[in-house]
Amino acid sequence: MTFTQPPSPNEIRRLSEGLDNQPEGQWPDRHYSRVERAELYSFHAAGTPRGQALVYAGGGYVQLVTDKEGVEVARWLNDLGLDAHVLLHRLPGQPCRLGDEAVHPADIALQDGLAALRVLALSERAASLPLLHVGISSGGHLAGVMACQAHPAPLAVRGALMAYAPLNANHRRYKSPPGKPDYPPPEKQAFYDAWPIGITTEPHGLPPVPLFLAYALHDPIVPVEHAMNLLLAARDHRLDVEAHVWASAEHGFALRALQGTHDQWPLLAARWIDRCLHDATV
């Protein structure tokens, strides 16, 4: 699907107070290096939706790559019959306002994600739809974190999809490669330390829902150890995980850089989504 102009969301919901957000760059490569106000951008499927997804863009918790890893993912999900809600969350350690000494806490992205869940639970259109968490890169980490949370009734989470996500090997105790420095700002590192997703000895970070993983074998930015750790935890705790790793993929493939065998990943993910939604109806 190609758009010459950015697709307009069907609805924009404010999740916090703050100034208007200003993206940098031009479509289809806009990003946010500052998020003044948490917002939820909803893109509706044509016809009656069969489910919905909360979509989390990457950017390493220091920016949000919203077009490539947010809006484009949402429109792909629309084609699969899902409403898709792209979360524009605030960033840990970023000044609350320009010039402020006060900064957002380590868990600000989680706080904004929980606010999005509360909004969806009160929505006549969204409340009864089965929910998936879908995240790319650092957004995949947030998707895993969100899948571990209690969801307000009547929302029912059915799975989490995470592509080249830094799930656990940025944690101080589980770093890969060993000895790599902590990430700035300190609040970012603290969030990774608080929420390692997929470590056997960290049960609070084991999502109790079906999981789909898509990784690049030779990714130097998000090493495959993130996925391997989760697979070991899945074996130990009998989690439901479908994992795919491609030697030809590079970091940041998303739905664009599909020159290689990983060109199948959207089809495999669509099949997994079908299974999650089917299981929700039986």
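The values are calculated or read from the model by the stated rules, or taken from the named source; none is laboratory data. The structure presented is a predicted model; accordingly, all values stated were derived computationally and were not measured. Here the Cβ is made from the backbone with ideal geometry for all residues, glycine too, and neighbour counts use every protein chain on show.
If a residue has to be out of contact with any helix residue (DSSP H, G or I) (no Cβ under 7 Å at 6 or more places or on another chain), outside any loop (DSSP other than H, G, I, E, B) and aliphatic (A, V, I, L, M) to count, how many in the range 202-243 make the cut?
Of the residues in the range 202-243, 9 are out of contact with any helix residue (DSSP H, G or I) (no Cβ under 7 Å at 6 or more places or on another chain), outside any loop (DSSP other than H, G, I, E, B) and aliphatic (A, V, I, L, M).
Which residues, counting only those in the range 244-261, are assigned to a loop (DSSP other than H, G, I, E, B) and aromatic (Phe, Trp, Tyr)?
The answer is Phe253, and nothing else.
Taking the options Asp20, Asp29, name whichever one is over 30 Å from Asp193 (Cβ atoms) and either under 19 Å from the mean Cα position of the chain (by Cα) or not charged (D, E, K, R) (or both).
The unique qualifying residue is Asp29.
For the range 106-121, indicate whether the set of residues that are farther than 30 Å from Leu277 by Cα and among the β-branched types (Val, Ile, Thr) is non-empty.
Checking the range 106-121: not a single residue is farther than 30 Å from Leu277 by Cα and among the β-branched types (Val, Ile, Thr).
Being closer than 24 Å to Gly159 by Cα, in contact with a strand residue (DSSP E or B) (Cβ under 9 Å, 6 or more places away or on another chain) and of a type in the set (A, V, I, L, M) is the filter here; which residues of the range 13-69 pass it?
Hits for the range 13-69 are Leu15, Ala38, Leu40, Ala45, Ala53, Leu54, Val55, Ala57, Leu64, Val65.
Does Ala150 qualify as being crowded, with 16+ Cβ neighbours inside 10 Å and either out of contact with any Lys or Arg (no Cβ under 8 Å at 6 or more places or on another chain) or modelled with pLDDT of 95 or more (or both)?
Criteria not met by Ala150.
Of the residues Pro166, Pro184, which single one is in contact (Cβ under 8 Å) with a residue 40 or more places away in the chain, under 22 Å from Leu268 (Cβ atoms) and not hydrophobic (A, V, I, L, M, F, W, C)?
Only one candidate qualifies: Pro166.
Looking only at the range 244-253, decide whether some residue is over 17 Å from the mean Cα position of the chain (by Cα), of a type in the set (Phe, Trp, Tyr) and surrounded by 14 or more Cβ atoms within 10 Å (Cβ to Cβ).
For the range 244-253, residues over 17 Å from the mean Cα position of the chain (by Cα), of a type in the set (Phe, Trp, Tyr) and surrounded by 14 or more Cβ atoms within 10 Å (Cβ to Cβ): present.
Which numbered condition trips up Ile199, out of (1) among the aliphatic types (A, V, I, L, M); (2) surrounded by fewer than 19 Cβ atoms within 10 Å (Cβ to Cβ); (3) in a loop (DSSP other than H, G, I, E, B); (4) modelled with pLDDT of 95 or more?
Result: Ile199 fails condition (2) only.
Return the total of residues in the range 20-43 being of a type in the set (Asp, Glu), crowded, with 19+ Cβ neighbours inside 10 Å and in a loop (DSSP other than H, G, I, E, B).
Result for the range 20-43: 1.
What residue, of Leu91, Leu142, Leu110, is part of a helix (DSSP H, G or I), over 10 Å from the mean Cα position of the chain (by Cα) and within 30 Å of Glu250 (Cα to Cα)?
Just a single option satisfies the conditions, and that option is Leu110.
Restricted to the range 81-117, and to residues that are among the acidic types (Asp, Glu) and at pLDDT 95 or above, which residue is surrounded by the fewest Cβ atoms within 10 Å (Cβ to Cβ)?
Asp107
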